[in-house]
Every structure is written in structure tokens, then in C-alpha cells.
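Have a look at the structure below, then the notes.
The values are calculated or read from the model by the stated rules, or taken from the named source; none is laboratory data. Computed from a predicted model, the values in this text were never measured in an experiment. Backbone-built Cβ (ideal geometry, glycine too); neighbour counts: all protein chains shown.
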Amino acid sequence: MDSGHSHSETSVSQNKGNQIPAEDIESTIDIALENIKKGKETGDMGLVMNEGILKLRAVNESSPDNLRAIYHLGMLSIESGQLEKAKKRFEKLVSLQPENEEYLKILNQIRSQTE
């Protein structure tokens, strides 16, 4: 029985290992955006996905209300034609920052294309 208990403790600590420390969030976003830009310029979609989008998703998991991560994931969703996903991301942005006219404008554009 004890071994089962320690196994679950190990799983919990492994999950915590995926968290990005708060002080690294902004630099991780900067690196991800740079990798996306570089990958698009060189046609390296592996770089875009693995070192760009997946890093942004990791930030989003660690810090679900990070506006920059949500915004860029939303814009990438629009770019890739995933409008429902983009709509959810921009709805969240508007709920977090209702006074931001840019978020509302983009959300309304997405809605006009999905309804």
C-alpha cells in the first residue's frame, strides 16, 4: 500500500515540474514569439510548433490569465483557421480586460465569421 502512496506523490511532483516559474513567464513568451517568427521566416514549422506554440501553451497552463500568452495563442488560432478556439481565447481576454477595445474588436470580427 505504501508504494502506491509514494507513486501518487511522485506524479504530483512531476506535474509541478511542468510549471513555469512566475519570474520566467515573460521571457518564455518572448522566446516563444521569437521562435515562431524565425520558424515562419525559414519555413521551419517544427520550430514554430515545438519551440513556439507549445511554449505559449505551457505558459497558458502555468499562468492561465496571462494576457500576452492568450492573445498570441488567439492570433495563431485565427491564422490557422481555428476560429472556435480563437473565439474562446478572445472571450477570455475580454472577460479579463473588458475595457480593451482591440480585444473586443477582434472578438467581434471572429464572431461575424463564425455565426
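The table below lists the values:
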read-out: Breaking point among (1) surrounded by 14 or more Cβ atoms within 10 Å (Cβ to Cβ); (2) at pLDDT below 95, for Val48; value: (2)
read-out: Total residues in segment 36-57, condition over 14 Å from the mean Cα position of the chain (by Cα) and closer than 17 Å to Arg68 by Cβ; value: 1
read-out: Residue selected from segment 64-85 under the condition within 9 Å of the chain's Cα centre (by Cα) and small (Gly, Ala, Ser), by the criterion surrounded by the most Cβ atoms within 10 Å (Cβ to Cβ); value: Ala69
read-out: Pick from segment 86-111, criterion among the basic types (Lys, Arg) and under 17 Å from Asn66 (Cβ atoms), ranking: surrounded by the most Cβ atoms within 10 Å (Cβ to Cβ); value: Arg89
read-out: Residue ID - nearest to Leu104 (Cα to Cα), chosen from residues in segment 71-85 that are in contact with a Leu (Cβ under 9 Å, 6 or more places away or on another chain) and of a type in the set (Gly, Ala, Ser); value: Gly74
read-out: Close pairs (6 angstrom Cβ cut-off, 6 or more residues apart or separate chains): in a helix (DSSP H, G or I) in segment 20-41, among the hydroxyl-bearing types (Ser, Thr, Tyr) and surrounded by 14 or more Cβ atoms within 10 Å (Cβ to Cβ) anywhere; value: Ile25/Ser63
read-out: Hits in segment 73-96 (condition: part of a loop (DSSP other than H, G, I, E, B) and closer than 17 Å to Arg57 by Cβ); value: Ser80, Gln82
read-out: Some residue of segment 51-59 being farther than 17 Å from Glu34 by Cα and touching a helix residue (DSSP H, G or I) at 6+ places or on another chain (Cβ under 8 Å); value: no
read-out: Residue list for segment 54-72, filter: among the small types (Gly, Ala, Ser) and in a helix (DSSP H, G or I); value: Ala58, Ser62, Ala69
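For (1) more than 21 Å from Gly74 (Cβ to Cβ); (2) among the charged types (D, E, K, R), each residue gets a yes or a no:
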position	(1), (2)
Pro21	yes, no
Ile31	no, no
Glu41	yes, yes
Met49	no, no
Ile53	no, no
Ala58	no, no
Ser63	no, no
